[in-house]
1. I need to check one value: relative contact order of the chain, counting alpha carbon pairs closer than 8 Å and at least 6 residues apart, in percent.
2. Using Cα springs under 10 Å in a Gaussian network model of the chain, which residue among Asp91, Asp52, Asp24 shows the largest mean-square fluctuation?
3. With springs only between Cα atoms under 10 Å, which of Ala264, Ala171, Ala74 fluctuates most in a Gaussian network model of the chain?
4. So which aspartates and glutamates pass the test for Lys34, namely a Cα distance under 12 Å, with those fewer than 8 places away in the same chain ruled out?
5. Just Leu215, Leu75, Leu98 to compare: in a GNM of the chain, with alpha carbon springs under 10 Å, which one fluctuates most?
6. Per-residue ellipticity at 222 nm for the chain, helices alone: DSSP H runs ≥ 4 residues times -39500 (n - 2.57), over residue total, nearest 500 deg cm²/dmol?
7. Give the carbon-plus-sulfur fraction of the accessible surface of the chain in %, rounded to a whole number; probe 1.4 Å, heavy atoms of protein chains only.
8. Taking every DSSP beta bridge that has both residues in the chain, what percent is antiparallel when rounded to the nearest 5?
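The values are calculated or read from the model by the stated rules, or taken from the named source; none is laboratory data. Note that the structure is predicted; figures quoted are calculated from it, not measured. Accessible surface areas use protein heavy atoms only, side chains included; no ligands, DNA or RNA. Shrake-Rupley method; radii C 1.70, N 1.55, O 1.52, S 1.80 Å.
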Amino acid sequence: LAFQLRMVLPYTKLWKKEVQNAKDKPEGQAYQLKIMVSNVLTPNDDTQKLVDLVNQSQPDILITLESDEKWEKALHQIEPDYPYTVKVPLDNLYGIHLYSKLELIDPEVKYLMIDDIPSIHTQLRLQSGRVIWLYCLHPMPPSPTEADKSTTRDAELLMVGKHIKENGQTAILAGDLNDVAWSKTTRRFQRISGLLDPRIGRHFINTFHVSYPFLRWALDHIFHSACFTVVDIRRMPSIGSDHFPVMTTLQYEPEEESNQEQNAPTAEAEDIKETDNKIAEGKKEGKKVSREHAEDQKSLG
């Protein structure tokens, strides 16, 4: 019980906040960023529910996961408000779409571990003019039907975290990571990347499974650099998926960066060594899974 409490207490109001509440600022000086993450569930046909939710809540950034051509077509309705897009429609449960009101600079779709599982890497120009990095991820979970181990999932997250730290990037990472926030890998990712978790000291954002109120956990995440504070973070109404969408509103406050960096977990030599080992194992496992996926597609074709 003590061990379990140590894992979950940081995600309650009993713990010190890792990210401070945003300060009240005059209109025009409060540079805020609203990000919605929604795993839509590919077979889900209630596409209009997400469209209506987006129109109602007006996020600056919408990231959809498991989105295929059906979902892409449905989301055409919001594009007049979202001139910047990255679209990767797939029918393998790993399609991903990014819709932005803010300018995307040189966006790239990368396949870090497995040939048919994409992630989006882009720079983003904030309202203040500052350019940051945005990473949208949906790594493969361990399961009997997909991957025997969590190796590629862990490696993908750690690879991006290492890249952020080594390049001194101001960044936001968001997506369905198929892992809970208090897992060994997610906590190591934070130490390696230096990114903060806005849920610590606040509350759980349990997003999966929609149909089982007493069996839910946090799979959809957002982590960010210390120059952001929190305006609000909340679970949104169901859109018919097995995941709830999550809306996070951050405020760009560079003057708070030095104070909040003190709250960022720091990596030790063991973290760096284990990260390098995980990435090497992940690349090896990823090649194996990619071959298996290619063979499955060939046999189906």
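1. Value for the chain: 22 percent.
2. In the Gaussian network model the winner is Asp24.
3. Per the Cα network of the chain with a 10 Å cutoff, Ala74 tops the list.
4. Asp60, Asp232
5. Per the Cα network of the chain with a 10 Å cutoff, Leu215 tops the list.
6. So the calculated ellipticity at 222 nm is -9000 deg cm²/dmol.
7. Looking at the chain in its full context, I get 49 percent from C and S.
8. Roughly 80 percent of the beta bridges in the chain run antiparallel, per DSSP.
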